[in-house]
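One structure is given below, encoded as structure tokens.
Only the coordinates and a few stated rules stand behind these numbers; no lab work does. Here the structure is a predicted model, which is why all the values come from computation and not from measurement. Note: ideal-geometry Cβ built from the backbone for every residue, glycine included; neighbour counts use all protein chains shown.
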Amino acid sequence: MRDRVHDIDGGLLLALDALLKEQNVTHAAARLGISQPALSARLTRLRQLFDDPLLIPAASGRGMVPTPHATAIQPELARIIEQLRDFANLAQVFAPATSTRVFRIAATDNPAALLAPDLVPLLKAKAPHLRLAFVVPNKGQVAADLAEGNVDIFIGAAGDVPDGLISRTLFDEEFVTAQRRQHPRGNRPFTLDEFCALDHLLISTSGGSFTGMIDQALAALGRERRVSVSVQNYALAPLVLMNSDCICTLPRRFLQRFNTTLDLLDPPLELPRFQMSAFWHQRMSSDAAHTWLREQIFAAARIQGRS
């Protein structure tokens, strides 16, 4: 026997719902935004499907009245239609206040340290039940991870990812040099000689390196500095600086969070600015939850006025 579910579609269910509520073909057709003949054709199909008249002319001659079978199925019909509406709206509606969705942002230590302190409180204020994971990206797999949904957003530089992803610049950043308050040298501007002579702290995300971009800039001037401490993540940098005479040159956006305990000064050499961008896959562009996440990331990037 053929399963009758194959003969039911949403249009038929909506037609029956309208007819039962209006008990008048003309009014029900207007409710649905279709013609009277079109609705009559749907009623004929419904009668065949349920093997029941469903609605019959009223004794008064005005309108229609439901049969006992139609009256019995009306509550369940209303529930099914509501479920169908929820299902149809699932991808288009995102309710941050109640969502328990898990978002994953792929970012190395640098962009994570710049963005997370503003993004996390913003998300938690609007969506207290969601979960957020910052994960270290496999740069060779970023495009595939975004396409397959393993991560939602990648935060990094344009050169870190292949073409074909959608992107938006989050902020344009400059470098400053930090030292502890009450540093023995005072807080006057650095000279290049003094800068090279002081002990430097360097963040080596790969671990153990004592040279970086600033050493390359100094080498172009025929100079070098003394890097005496190398750490692997941003979180340690302010702690080391507060408790030593080392100096460290890092993005302003990160260091200005510690300006009550650190002096921030311009480095005595020309250093290039850099940009951080958000990247995502085309297939997520219309996803309501993903769109909301992107809006929060953009808002977080604007908090310190550097978007």
Under Stokes-Einstein, segment 28-172 at 37 °C and 0.692 mPa s, with its Kirkwood radius over C-alpha pairs, diffuses with a coefficient in µm²/s of 159 µm²/s
On the formula 1/(1 + (r/R0)^6), with r taken between the Cβ atoms of Glu224 and Val136 and R0 of 30 Å, the FRET efficiency rounded to 0.05 is 0.45
Neighbour-count ranking for Arg180, Arg253, Arg104 (other C-beta within 10 angstrom, fewest to most) reads Arg104, Arg180, Arg253
For segment 4-89, the dipole about the Cα centre with charges only on Cβ (Lys and Arg +1, Asp and Glu -1), to the nearest 20 debye, works out at 240 debye
Dipole check, the chain, charges on Cβ (K,R +1; D,E -1), about Cα centroid: among Pro53, Pro251, Phe134 the Cα furthest to the positive pole belongs to Pro53
Ranking Leu14, Ser204, Phe279 by how far each Cα lies towards the positive end of the charge dipole of the chain (+1 on Lys and Arg Cβ, -1 on Asp and Glu Cβ), the top one is Leu14
Most exposed first, judged by fewest Cβ atoms within 10 angstrom, Val227, Val65 run Val65, Val227
Scoring the chain by relative contact order with C-alpha pairs under 8 Å, at least six apart, yields a percentage of 20 percent
When all Cα-Cα pair distances of segment 175-265 are considered, the percent exceeding 16 Å is 50 percent
Going fewest to most other Cβ atoms within 10 Å around each Cβ, Cys196, Cys246 line up as Cys196, Cys246
Options [x] 22.5; [y] 20.5; [z] 24.6 for Kirkwood radius over Cα pairs in Å; the value derived from the coordinates is listed as [z]
Under a Gaussian network model of the chain whose springs join Cα atoms within less than 10 Å, the largest fluctuation of Thr260, Thr211, Thr291 belongs to Thr260
So the FRET efficiency between Asn243 and Ala95, C-beta based with R0 = 45 Å and rounded to 0.05, is 0.50
About its Cα centre, segment 151-286 carries a charge dipole, from +1 on Lys and Arg Cβ atoms and -1 on Asp and Glu Cβ atoms, whose size in debye to the nearest 20 is 340 debye
